[in-house]
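To keep things clear, I will list the structure first and then write my remarks on it.
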Amino acid sequence: MKDLVILVLVIIVGFLIWNSRVTVSGYTAPVANTNVPVPADVIQAIIDKVRQSKPDEYPIETLFITPQADGVYTSRFMFYNTRKFLGNQYDVIAKIGADGAVNIQNMTESSKEDTSTGYKPDVYKPYEDIQNNSVSQLKAVLATRPETPVVTDLHLGTRA
């Protein structure tokens, strides 16, 4: 029985070693080169053009920018709105002319803002309202508290 277990283990180890050396040849689809470098000047020009139409937006991150035909770039940017204290994400299609002029062909907000969770300033009540509320709560507690029994026969620390 012991010999059979050792034989099975040797066969398994041999199979694993043989399987790691075998290469499977097959068809692999060619991968498109999506990492085309885009000059930093082009990215900055598109961001500047977006900020002209939305001055409260501050750029956070360039998610992607892909060159297309005829100087057109599709891109997605994340911006921080400094007035509403929330983030926005824009899909921008921009055309860069031969003279370097940027023309925004389409700009859509790919994530909508949720105004219910944005920054809201603190709201304070007048001190008199807080004082009156405190006094009324104290009176209610005092009105419902049980009476403390009066103990007159205390012999603390003595033996009776």
Check your understanding: What is the set of long-range amide H partners of residue 63 at a cut-off below 5 Å, with H atoms built 1.01 Å from backbone N?
Key -> 76, 77, 78
Exercise for review: Determine ³J(HN,Hα), in whole Hz, for all residues of region 92-106 in sequence, where each value follows from phi through the Karplus function 6.51 cos²θ - 1.76 cosθ + 1.60 and θ = phi - 60°; x replaces Gly and Pro.
Suggested key: 10, 10, 10, 10, 9, x, 5, 7, x, 6, 9, 10, 7, 7, 7
Exercise for review: Taking amide H positions as placed in the peptide plane 1.01 Å from N, state which residues far from residue 110 in sequence (5 or more) or on other chains have amide H under 5 Å from it.
Suggested key: 89, 90, 91
Check your understanding: Can you give the charge dipole size of region 40-110 about its Cα centre, rounded to the nearest 20 debye, using +1 on the beta carbon of Lys and Arg and -1 on the beta carbon of Asp and Glu?
Key -> 220
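Enumerate by residue number the trypsin sites (Lys or Arg not before Pro) in region 34-140 meeting two conditions: DSSP loop (anything except H, G, I, E, B), and at most 16 other Cβ atoms within 10 Å of the site's Cβ.
Hits after loop and neighbour filter: 83, 84, 112.
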Study note, to complete from the structure: When the charge dipole of region 40-110 is computed with +1 on Lys and Arg Cβ and -1 on Asp and Glu Cβ about the Cα centre, the Cα farthest towards its positive end, among 46, 73, 107, belongs to 107
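Each value in this text was obtained by applying a stated rule to the coordinates, not by laboratory testing. Please read these numbers as outputs of a predicted model, since none were measured by experiment. Cβ sites come from the backbone with ideal geometry, for glycine too, and all protein chains shown count toward neighbours.
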